[in-house]
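K.L.:
One structure follows; several queries about it will come next.
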2 protein chains.
Amino acid sequence: MDRPLVETLALKEGARIVLLVLDGLGDLPHPQHGGLTPLEEAVTPNLDRLAPRSAMGRILPVAPGVTPGSGPGHLALFGFDPAATEVGRGVLEALGAGMTVQPGDVAARANFCTVDGTGTVTDRRAGRIPSETCARLVEKLRGAVPRVEDVEVVLQAGRGHRFVALFRGPGLGEGVSDADPHREGLPIPAAVAEAAQGMKTARVVNAFVQGARGALAGEAPANAVLVRGLSARPRFPSFQERFHLRAGAVAPYPMYRGVAQLAGMEVIGTGESVADEFGTVAAHWDRFDFFFVHFKPTDMAGEDGDFDAKARAIEEVDRALPALLDLGPGVLCVTGDHSTPVPIRGHSWHPVPVMIHAPHCGADGLQRFHERYARAGSLGTFESRHLMSLLLANAGRLDKFGA
Amino acid sequence: MDRPLVETLALKEGARIVLLVLDGLGDLPHPQHGGLTPLEEAVTPNLDRLAPRSAMGRILPVAPGVTPGSGPGHLALFGFDPAATEVGRGVLEALGAGMTVQPGDVAARANFCTVDGTGTVTDRRAGRIPSETCARLVEKLRGAVPRVEDVEVVLQAGRGHRFVALFRGPGLGEGVSDADPHREGLPIPAAVAEAAQGMKTARVVNAFVQGARGALAGEAPANAVLVRGLSARPRFPSFQERFHLRAGAVAPYPMYRGVAQLAGMEVIGTGESVADEFGTVAAHWDRFDFFFVHFKPTDMAGEDGDFDAKARAIEEVDRALPALLDLGPGVLCVTGDHSTPVPIRGHSWHPVPVMIHAPHCGADGLQRFHERYARAGSLGTFESRHLMSLLLANAGRLDKFGA
């Protein structure tokens with residue numbers, strides 16, 4: 001793959017950049033709230049002070065109409081083309097579960113399932129067993145199949161019938177089919193390698209599935225396991241390599257820490273509140289050129305369909321903002337990874353408002369930062385993957401292209 | 001070619017979509033009409049009621065500055081990349097002439113021309129003979145060269161010197177050069193196959209050109225024919241295959257029925273008026289998930305440079321609209337395939353206003369649907385080929401991308 005233009009232009013010096021991501025920030029007008037969005041309704045005096053002297057616009061995480069998961073949403077913010085940047089399902093699941101995925105590891109999404117006496121899968125979700133049962137059975141598997149050959153089996157229980165299986169050892173590779181028939185009424189197929197690099201993985205996975213079958217023989221309804229999405233940690237160049245940026249990530253939730261690590265950032269802290277997160281930034285101010293700060297409650301409120309909680313979450317960020325501004329970031333960007341509109345109660349495809357505050361960002365003169373004004377902003381509507389270029393440019397970190 | 005992302009995300013269930021295309025809808029402000037466009041001047045109470053609760057934007061059929069023909073304009077609306085999706089000239093001409101182009105057929109654009117005693121082309125357009133003469137000569141050719149070998153020759157007279165020649169029989173393929181010198185002063189070249197699949201086509205075309213020469217020997221000035229743009233019907237995956245949509249097309253004009261068929265829709269009716277067309281939609285409501293309704297008079301008025309006729313055509317659609325709304329489409333989209341501005345009297349490159357009305361489209365709060373408000377809409381300006389993604393998203397028919 002050719003190196004993206006912007007990476008060839010990145011300079012080694014420039015201003016410090018803070019990318020503040022309010023997860024699921026974008027929303028829709030709500031008839032019950034006077035046609036306002038949570039961002040419009042929220043009382044945000046600090047953002048309001050920045051707004052007229054900032055540039056606004058809207059970002060499209062992937063493409064028009066496409067609703068992104070957290071992985072693609074963040075990879076795009078970090079300057080990757082999310083449609084062309086594959087992170088395997090297993091790796092994303094492992095990161096989301098808070099597991100460390102090292103180079104060489106292969107991770108998979110796994111289910112507890114039910115098989116009958118002939119080995120036919122009769123329920124791919126084992127009757128959706130409670131999470132407590134899942135935790136107990138995972139513990140049982142840890143004891144029964146701690147390793148296969150010289151490969152360590154690392155398991156993490158999830159919700160209901162779900163868990164994550166990570167295989168760590170020499171010689172593992174991806175390109176291995178699922179040990180999952182993907183529908184009921186069929187036996188569990190053996191995992192098959194599509195190429196030589198996956199041969200050992202397939203063998204190890206099949207042995208794990210067999211071992212689990214033995215260990216779960218006395219259980220009901222969860223008497224077997226299915227494994228899918230086997231994938232290795234992708235090898236992305238780091239922020240240092242791509243942009244000459246020492247990049248630090250502050251994120252309380254595992255998924256976002258994991259994606260930041262994949263993108264080559266150093267995770268420097270979590271934080272109980274956004275004020276804590278800004279404190280972490282302050283404590284590491286001199287060590288990094290770029291800070292990614294992730295704030296989750298906006299997304300959670302959107303998923304819950306809770307308009308007021310979303311507005312209050314935004315206000316929490318606004319209240320804490322002065323501490324961040326006091327650090328004097330050369331470039332401050334406030335945006336989201338995708339929209340999570342309250343009426344949809346989930347991620348959506350709608351463009352996300354973005355605001356860039358920097359000496360030469362251009363002052364749009366718009367009174368506040370929200371969806372409606374962002375439509376009229378000088379940045380226009382553009383794909384999220386171009387945001388890093390704008391941040392670098394505003395930080396004086398991009399060379400001129402051509403003479 | 002990789003499958004487009006949106007097709008990999010298409011779900012099998014979701015709301016019903018109606019795509020109402022007012023051909024050539026977009027226009028320019030007119031000094032003689034108070035600086036308004038036809039869409040601004042038209043009285044459209046029904047569209048006005050939808051407007052504030054809808055999302056608006058503008059679509060670019062192909063790329064900035066590029067004026068599309070009807071083929072690319074519609075292929076883009078149907079979710080194809082029009083610059084990468086080739087439909088041969090002959091096939092488009094045949095569809096536009098109302099001919100059925102079956103898989104395996106090869107179609108060509110043909111001219112009557114004048115050759116001198118040495119076989120040199122002296123007028124590629126045979127003095128632009130009247131259409132009546134063209135029809136008479138085509139009838140003569142039908143009698144003289146009804147078939148070549150086991151290949152049926154299907155002819156359709158056009159305007160002036162133009163006609164369409166379609167070859168139907170076993171073993172025909174495309175990749176055949178034109179039997180047309182493309183300028184005067186040269187003999188008619190033989191059609192030549194670029195690859196084995198075109199060998200028989202070239203032989204049949206050359207025999208047809210020779211046969212026509214004999215049949216027209218006593219005519220003047222049209223005493224020979226030229227054949228160009230030899231092309232086979234492309235094999236596109238259907239709407240069902242691409243989007244899991246049962247798609248029906250309502251279009252009174254052959255070109256649009258033809259392009260809809262190429263895109264894998266079922267043509268379910270024509271209709272004398274837009275009210276008739278909506279009646280056809282109603283009659284087939286339960287059979288389809290997606291309806292393409294094509295309305296031609298806006299484009300014709302634009303081509304005629306008739307501002308008032310274009311405004312009246314828009315009003316005709318607006319008057320009929322309640323019958324369509326009464327059906328309760330989950331997603332209604334009103335737009336055009338390109339602009340046909342009255343002052344230009346032809347297709348143009350200007351962005352086309354688009355309006356999407358659906359439960360989660362986002363209510364832009366804009367008072368009316370027209371070019372000026374569309375510029376301020378939440379959808380922004382985007383390429384027409386992404387419109388299908390937005391319609392699918394609004395219909396709840398697109399899965400999330402990535403975890």
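K.L.:
Identify, please: which residue in segment B:185-206 is touching a residue at least 60 places away in the same chain (Cβ under 8 Å) and either under 31 Å from the mean Cα position of the chain (by Cα) or within 24 Å of residue B:98 (Cα to Cα) (or both) and is, among those, surrounded by the most Cβ atoms within 10 Å (Cβ to Cβ)? Show your work before the answer.
P.N.:
First pass over segment B:185-206, keeping only residues touching a residue at least 60 places away in the same chain (Cβ under 8 Å): B:185-188, B:201, B:205.
Checking which are either under 31 Å from the mean Cα position of the chain (by Cα) or within 24 Å of residue B:98 (Cα to Cα) (or both) leaves us with B:188, B:201, B:205.
Values: B:188: 22, B:201: 24, B:205: 30.
In this case the residue turns out to be B:205.
K.L.:
A further question follows. For segment B:348-372, enumerate the residues that are touching a strand residue (DSSP E or B) at 6+ places or on another chain (Cβ under 7 Å) and either away from chain A (no Cβ under 12 Å) or in a strand (DSSP E or B) (or both).
P.N.:
Selection gives B:348, B:350, B:351, B:352, B:353, B:354, B:355, B:356, B:357, B:369, B:370, B:371.
K.L.:
Just checking, does segment A:47-55 include any residue being in a loop (DSSP other than H, G, I, E, B), modelled with pLDDT of 95 or more and more than 14 Å from chain B (Cβ to nearest Cβ)? Break it down stepwise before answering.
P.N.:
Here is the first cut: in segment A:47-55, the residues in a loop (DSSP other than H, G, I, E, B) are A:54.
Subset that is modelled with pLDDT of 95 or more: A:54.
This time we only want the ones that are more than 14 Å from chain B (Cβ to nearest Cβ), so: A:54.
For segment A:47-55, residues in a loop (DSSP other than H, G, I, E, B), modelled with pLDDT of 95 or more and more than 14 Å from chain B (Cβ to nearest Cβ): present.
K.L.:
Could you list, in sequence order, the residues of segment B:2-16 that are in contact (Cβ under 8 Å) with a residue 60 or more places away in the chain and either polar (S, T, N, Q) or more than 12 Å from chain A (Cβ to nearest Cβ) (or both)?
P.N.:
B:12, B:13, B:14, B:15, B:16
Yes or no, residue by residue, for (1) aromatic (Phe, Trp, Tyr); (2) under 26 Å from residue B:379 (Cα atoms):
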position: A:274; (1), (2): no, no
position: A:297; (1), (2): no, no
position: A:307; (1), (2): yes, yes
position: A:320; (1), (2): no, no
position: A:331; (1), (2): no, no
position: A:357; (1), (2): no, yes
position: A:360; (1), (2): no, no
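K.L.:
So is residue A:305 within 14 Å of chain B (Cβ to nearest Cβ), surrounded by fewer than 18 Cβ atoms within 10 Å (Cβ to Cβ), out of contact with any strand residue (DSSP E or B) (no Cβ under 7 Å at 6 or more places or on another chain) and not in a strand (DSSP E or B) or not? Spell out how you get there, then give the answer.
P.N.:
On the way: within 14 Å of chain B (Cβ to nearest Cβ): yes; surrounded by fewer than 18 Cβ atoms within 10 Å (Cβ to Cβ): yes; out of contact with any strand residue (DSSP E or B) (no Cβ under 7 Å at 6 or more places or on another chain): yes; not in a strand (DSSP E or B): yes.
Spelling it out, residue A:305 is indeed within 14 Å of chain B (Cβ to nearest Cβ), surrounded by fewer than 18 Cβ atoms within 10 Å (Cβ to Cβ), out of contact with any strand residue (DSSP E or B) (no Cβ under 7 Å at 6 or more places or on another chain) and not in a strand (DSSP E or B).
K.L.:
Would you check which residues across segment B:20-41 are outside any helix (DSSP H, G or I) and surrounded by fewer than 24 Cβ atoms within 10 Å (Cβ to Cβ) and list them? Reasoning before the result, please.
P.N.:
Quick first cut of segment B:20-41, residues outside any helix (DSSP H, G or I) only: B:20-30, B:34-37.
Residues satisfying the conditions are B:28, B:29, B:30, B:34, B:35, B:36.
K.L.:
Between a residue in segment B:314-333 that is free of Cβ contacts under 8 Å to residues at least 12 places away in the same chain and any residue that is buried (at least 18 other Cβ atoms within 10 Å of the Cβ) and of a type in the set (D, E, K, R), which pairs come within a Cβ distance under 6 Å, given they are 6 or more apart or on different chains?
P.N.:
As it stands, the answer is none, since no pair meets every condition given.
K.L.:
Shifting gears a bit: Out of A:317, A:259, A:342, A:293, which single residue is within 14 Å of chain B (Cβ to nearest Cβ) and outside any loop (DSSP other than H, G, I, E, B)?
P.N.:
Working: A:317 fails: within 14 Å of chain B (Cβ to nearest Cβ); A:342 fails: outside any loop (DSSP other than H, G, I, E, B); A:293 fails: within 14 Å of chain B (Cβ to nearest Cβ).
After applying the criteria, what remains is A:259.
K.L.:
Here are some residues: A:14, A:57, A:79, A:90. Which one is under 21 Å from residue A:355 (Cα atoms) and crowded, with 24+ Cβ neighbours inside 10 Å?
P.N.:
Working: A:14 fails: crowded, with 24+ Cβ neighbours inside 10 Å; A:79 fails: crowded, with 24+ Cβ neighbours inside 10 Å; A:90 fails: under 21 Å from residue A:355 (Cα atoms).
Being under 21 Å from residue A:355 (Cα atoms) and crowded, with 24+ Cβ neighbours inside 10 Å holds for just one of A:14, A:57, A:79, A:90, which is A:57.
K.L.:
How about segment B:174-184: which of its residues are crowded, with 16+ Cβ neighbours inside 10 Å and either among the aromatic types (Phe, Trp, Tyr) or part of a loop (DSSP other than H, G, I, E, B) (or both)?
P.N.:
Residues of segment B:174-184 crowded, with 16+ Cβ neighbours inside 10 Å: B:174-181.
Hits for segment B:174-184 are B:174, B:175, B:177, B:178, B:180, B:181.
K.L.:
Which residue pairs have Cβ atoms closer than 6 Å, lie 6 or more positions apart in sequence or on different chains, and pair a first residue in segment A:42-68 that is more than 19 Å from residue A:317 (Cα to Cα) with a second residue that is part of a strand (DSSP E or B) and among the hydroxyl-bearing types (Ser, Thr, Tyr)?
P.N.:
Every condition considered, the pairs that remain are A:58/A:381; A:67/A:348.
K.L.:
Here are the criteria: (1) at pLDDT below 95; (2) in contact with a helix residue (DSSP H, G or I) (Cβ under 7 Å, 6 or more places away or on another chain). Tell me which single one residue B:182 does not satisfy.
P.N.:
Among (1) at pLDDT below 95; (2) in contact with a helix residue (DSSP H, G or I) (Cβ under 7 Å, 6 or more places away or on another chain), residue B:182 violates only (2).
K.L.:
Quick test of your reading of the structure: residue B:324 fulfils all but one of (1) crowded, with 22+ Cβ neighbours inside 10 Å; (2) within 14 Å of another protein chain (Cβ to nearest Cβ). Name the failing condition by number.
P.N.:
Condition (2) is where residue B:324 drops out.
K.L.:
Would you call residue A:389 in contact with a Cys (Cβ under 9 Å, 6 or more places away or on another chain) and surrounded by fewer than 22 Cβ atoms within 10 Å (Cβ to Cβ)? Lay out the reasoning, then the answer.
P.N.:
Details: in contact with a Cys (Cβ under 9 Å, 6 or more places away or on another chain): no; surrounded by fewer than 22 Cβ atoms within 10 Å (Cβ to Cβ): yes.
So residue A:389 fails the test.
K.L.:
Just give me the residues in segment B:5-19 being in a helix (DSSP H, G or I) and touching an Asp or Glu at 6+ places or on another chain (Cβ under 6 Å), in sequence order.
P.N.:
The first filter runs over segment B:5-19 and keeps only residues in a helix (DSSP H, G or I), leaving B:5-9.
Result: B:9, single match.
K.L.:
For the list (1) within 30 Å of residue A:20 (Cα to Cα); (2) more than 10 Å from chain B (Cβ to nearest Cβ), I need the number of the one condition that residue A:65 fails.
P.N.:
Failing condition for residue A:65: (2).
K.L.:
Run residue B:167 past the list (1) within 26 Å of the chain's Cα centre (by Cα); (2) surrounded by fewer than 19 Cβ atoms within 10 Å (Cβ to Cβ) and report the number of the one that doesn't hold.
P.N.:
Here residue B:167 clears every test but (2).
K.L.:
For segment A:373-403, which positions are closer than 21 Å to residue A:74 by Cβ and assigned to a loop (DSSP other than H, G, I, E, B)?
P.N.:
Of everything in segment A:373-403, those that are closer than 21 Å to residue A:74 by Cβ and assigned to a loop (DSSP other than H, G, I, E, B) turn out to be A:379, A:395, A:397.
K.L.:
What's the total number of residues in segment A:82-118 that are within 11 Å of another protein chain (Cβ to nearest Cβ) and acidic (Asp, Glu)?
P.N.:
2
K.L.:
Against the condition of a type in the set (D, E, K, R), on the phi > 0 side of the Ramachandran plot and at pLDDT below 95, how does residue B:109 come out, does it pass?
P.N.:
On the way: of a type in the set (D, E, K, R): yes; on the phi > 0 side of the Ramachandran plot: no; at pLDDT below 95: yes.
When the stated conditions are applied, residue B:109 does not pass them.
The values are calculated or read from the model by the stated rules, or taken from the named source; none is laboratory data. Worth saying up front: this structure is predicted, and the values here are computed from it rather than measured. Methodologically, a virtual Cβ is constructed for each residue, glycine included, from the backbone with ideal geometry; neighbour enumeration extends over all protein chains shown.
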